[in-house]
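**Q** I have a structure I would like to understand better, so I am pasting it below and will then ask my questions one at a time.
The values are calculated or read from the model by the stated rules, or taken from the named source; none is laboratory data. Only a predicted model underlies this, so the values are computations on that prediction, with no experimental measurement involved. Note that each Cβ is placed from the backbone with ideal geometry, even for glycine, and that neighbours are counted across all protein chains shown. Heads up: the accessible areas ignore ligands, DNA and RNA and are worked out on the full protein's heavy atoms, side chains in. Shrake-Rupley method; radii C 1.70, N 1.55, O 1.52, S 1.80 Å.
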Amino acid sequence: MSDYENAIEIKGITKHYDGFTLDNISFNVPKGSIMGFIGQNGAGKSTTINTILNIIKADSGEVKIFGLDNCKHENEIKQDIAAVFDELPFHEQLNAKSLDKILKHIFKQWDSNKFYSYLERFQLPVKKKFGQFSKGMKMKLQIAAALSHNAKLLIMDEATTGLDPVVRNEILDIFLEYLQDEEHSILMSSHITSDLEKIADSVTFIDKGKLLISGYKDEILESHGVVKCSKSDFNNIEKGDYISARIGDYGVEVMVSDKSVFARKYSGLVIDHTTLEEIMLFYVNREKKEWS
C-alpha cells in the first residue's frame, strides 16, 4: 500500500437528492488519529460515510483512502477497513461461531483467535443467535468483528447511540487501545458529542449538507467561547462578531468563534469556555442569529 499521510482525503464531495444536497464537502482524517464527525440527524453524516465506503456514488468530488481512489481500488481498500453501523448487518439467525466461519472467507487477514478473545472480553455468547442479542451486545459483536481482521481504518456511523454509559466507556477505551498502533485511524460519526470530546483528536462538523468546521478539537474548543451578558451589553455587540445568541429571561449567551479578537474589541465582557455540544447548538441556529 502506498505511503500516505491521511487515512481519508475527501475533496469536494457533492450528492444531490430530492430536498437535500451534500454540498462540496472536503476534509482529511490524518493517519493515526481519531476524527469525530458531528452534526444533527439529517445533516449528511451517513451520506458522507456511505460515499467514503462507495455504497453511494457521489455526483462529483473524490475520495482517497490510504492514498488510493475509493472506487478504482475498492476491493483492495475494503480488506483494510472496518465499518460499524447503528444496525447489525449480520443475519439474526447466525451466531458468533458461524460468523467466524463466514468472515474467514471474506477477509484475508481474519484472525479467529482475536475474534474469540474479543467475544470473551465482551462476554458475548458463542452459540446464541444474534436475534436474541440486546442492542449493546449487537454493537459489541460488530466491534469484535471489526477489530479481528487487522483493519487499518475504523469507520463508525452512530455506533454508540442507544448504549448505556458503561458500555460506551468500555468501547471508547477499546478505540484508544486500537489507536496505540500509529497505522490505525478512526472516523466516528456521533451526536453524542461528550464521547468525542473525550477521545477525538480532530472534529468535522456538518449541518444541512454543508461543512461548517473541520480542525483539531483542542484548537476549536480553545478559539470558541460563550459570553454571558445583559441584554443592554448584547445590544452593543455587532452582528458580525458572533455566531448566534441565545436570548434568556435574565440575559444573553453569545457564541464567538475567536475569543482573542472578541476580547480585544469588547474588553469588559467575560468569555467562558465552551463544549462541542454548545458549539454545535449555536452554529445550528446561526441563520436565526437570535434564538431562545
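**Q** Only one of (1) under 15 Å from the mean Cα position of the chain (by Cα); (2) of a type in the set (Val, Ile, Thr); (3) open to solvent by 20 Å² or more (accessible area, probe 1.4 Å) is not met by residue 186, so which one is it?
**A** (3)
**Q** Only one of these is open to solvent by less than 50 Å² (accessible area, probe 1.4 Å) and either within 30 Å of residue 181 (Cβ to Cβ) or of a type outside the set (Asp, Glu) (or both): 15, 31. Name it.
**A** Numbers: 31 fails: open to solvent by less than 50 Å² (accessible area, probe 1.4 Å).
Being open to solvent by less than 50 Å² (accessible area, probe 1.4 Å) and either within 30 Å of residue 181 (Cβ to Cβ) or of a type outside the set (Asp, Glu) (or both) holds for just one of 15, 31, which is 15.
**Q** Out of all the residues in region 171-207, which are closer than 18 Å to residue 151 by Cα, of a type in the set (Val, Ile, Thr) and touching a Leu at 6+ places or on another chain (Cβ under 6 Å)?
**A** 186
**Q** So which strands (runs of 3 or more DSSP E) are wholly in region 1-56 and hold at least 2 residues that are within 13 Å of the chain's Cα centre (by Cα)? Can you show your working first?
**A** Numbers: elements: 6-17, 20-30, 34-38.
By residue number, 20-30, 34-38.
**Q** Can you tell me which residue within region 139-162, out of those that are open to solvent by 30 Å² or more (accessible area, probe 1.4 Å) and closer than 18 Å to residue 189 by Cβ, is farthest from the chain's Cα centre (by Cα)?
**A** At the first step, the residues of region 139-162 found to be open to solvent by 30 Å² or more (accessible area, probe 1.4 Å) are 150, 152, 161-162.
Keeping just the survivors that are closer than 18 Å to residue 189 by Cβ gives 161-162.
Working: 161: 12, 162: 16 Å.
Only one residue tops the list, namely 162.
**Q** Out of curiosity, is residue 202 closer than 20 Å to residue 44 by Cα, among the hydroxyl-bearing types (Ser, Thr, Tyr), touching a Gly at 6+ places or on another chain (Cβ under 7 Å) and open to solvent by less than 10 Å² (accessible area, probe 1.4 Å)? I'd like the intermediate steps shown before the answer.
**A** Details: closer than 20 Å to residue 44 by Cα: yes; among the hydroxyl-bearing types (Ser, Thr, Tyr): yes; touching a Gly at 6+ places or on another chain (Cβ under 7 Å): yes; open to solvent by less than 10 Å² (accessible area, probe 1.4 Å): yes.
Spelling it out, residue 202 is indeed closer than 20 Å to residue 44 by Cα, among the hydroxyl-bearing types (Ser, Thr, Tyr), touching a Gly at 6+ places or on another chain (Cβ under 7 Å) and open to solvent by less than 10 Å² (accessible area, probe 1.4 Å).
**Q** If I filter region 87-126 down to residues being of a type in the set (Asp, Glu) and either farther than 12 Å from residue 141 by Cα or out of contact with any helix residue (DSSP H, G or I) (no Cβ under 9 Å at 6 or more places or on another chain) (or both), which single residue comes out as most open to solvent (accessible area, probe 1.4 Å)?
**A** 120
**Q** Here are 218, 181, 207, 173: which of them is within 21 Å of residue 279 (Cα to Cα), surrounded by fewer than 14 Cβ atoms within 10 Å (Cβ to Cβ) and modelled with pLDDT of 90 or more?
**A** Numbers: 181 fails: within 21 Å of residue 279 (Cα to Cα); 207 fails: surrounded by fewer than 14 Cβ atoms within 10 Å (Cβ to Cβ); 173 fails: within 21 Å of residue 279 (Cα to Cα).
The match here is 218.
**Q** Could you tell me which of the residues 220, 247, 243 is touching a helix residue (DSSP H, G or I) at 6+ places or on another chain (Cβ under 6 Å) and touching a residue at least 40 places away in the same chain (Cβ under 8 Å)?
**A** On the way: 220 fails: touching a helix residue (DSSP H, G or I) at 6+ places or on another chain (Cβ under 6 Å); 247 fails: touching a helix residue (DSSP H, G or I) at 6+ places or on another chain (Cβ under 6 Å).
Matching residue, one of 220, 247, 243: 243.
**Q** Would you check if residue 46 is small (Gly, Ala, Ser), in contact with a Leu (Cβ under 8 Å, 6 or more places away or on another chain) and closer than 23 Å to residue 203 by Cβ? Write out each step before concluding.
**A** Values: small (Gly, Ala, Ser): yes; in contact with a Leu (Cβ under 8 Å, 6 or more places away or on another chain): no; closer than 23 Å to residue 203 by Cβ: yes.
It is false that residue 46 is small (Gly, Ala, Ser), in contact with a Leu (Cβ under 8 Å, 6 or more places away or on another chain) and closer than 23 Å to residue 203 by Cβ.
**Q** Same structure again: Among the residues of region 235-277 satisfying the criterion of being polar (S, T, N, Q) and within 28 Å of residue 197 (Cα to Cα), which is surrounded by the fewest Cβ atoms within 10 Å (Cβ to Cβ)? First the steps, then the outcome.
**A** Initially, region 235-277 is screened for residues polar (S, T, N, Q), giving 235-236, 244, 257, 260, 267, 274-275.
Okay, now just the ones that are also within 28 Å of residue 197 (Cα to Cα), so 244, 257, 260, 274-275.
Values: 244: 18, 257: 17, 260: 12, 274: 21, 275: 14.
So, considering only residues that are polar (S, T, N, Q) and within 28 Å of residue 197 (Cα to Cα), the one surrounded by the fewest Cβ atoms within 10 Å (Cβ to Cβ) is 260.
**Q** Can you tell me how many residues in region 102-134 are outside any helix (DSSP H, G or I), more than 27 Å from the chain's Cα centre (by Cα) and over 19 Å from residue 91 (Cβ atoms)? Talk me through it step by step, then tell me what you get.
**A** Filtering region 102-134 down to residues outside any helix (DSSP H, G or I) leaves 107-111, 122-129, 133-134.
If we keep only those that are more than 27 Å from the chain's Cα centre (by Cα) too, we end up with 108, 125-129.
Filter again for over 19 Å from residue 91 (Cβ atoms), leaving 108.
Summing the residues that are outside any helix (DSSP H, G or I), more than 27 Å from the chain's Cα centre (by Cα) and over 19 Å from residue 91 (Cβ atoms) in region 102-134 gives 1.
**Q** Now for a separate question. Out of 167, 227, report the one residue that is farther than 15 Å from residue 280 by Cβ, at pLDDT below 90 and buried (at least 16 other Cβ atoms within 10 Å of the Cβ). Write out each step before concluding.
**A** Working: 227 fails: at pLDDT below 90.
Among 167, 227, only 167 is farther than 15 Å from residue 280 by Cβ, at pLDDT below 90 and buried (at least 16 other Cβ atoms within 10 Å of the Cβ).
Yes/no per residue for (1) part of a strand (DSSP E or B); (2) β-branched (Val, Ile, Thr):
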{"residue": "206", "(1), (2)": "yes, yes"}
{"residue": "211", "(1), (2)": "yes, no"}
{"residue": "219", "(1), (2)": "no, no"}
{"residue": "222", "(1), (2)": "no, no"}
{"residue": "228", "(1), (2)": "yes, no"}
{"residue": "232", "(1), (2)": "no, no"}
{"residue": "246", "(1), (2)": "yes, no"}
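**Q** Is there a residue being in contact with a helix residue (DSSP H, G or I) (Cβ under 7 Å, 6 or more places away or on another chain), over 22 Å from residue 68 (Cα atoms) and open to solvent by 20 Å² or more (accessible area, probe 1.4 Å) anywhere in region 37-51? Steps first, please.
**A** From region 37-51, those in contact with a helix residue (DSSP H, G or I) (Cβ under 7 Å, 6 or more places away or on another chain) are 37-40; that's our starting set.
Restricting the remaining residues to those that are over 22 Å from residue 68 (Cα atoms) gives 38-40.
Checking which are open to solvent by 20 Å² or more (accessible area, probe 1.4 Å) leaves us with 40.
Among the residues of region 37-51, at least one is in contact with a helix residue (DSSP H, G or I) (Cβ under 7 Å, 6 or more places away or on another chain), over 22 Å from residue 68 (Cα atoms) and open to solvent by 20 Å² or more (accessible area, probe 1.4 Å), which makes the answer yes.
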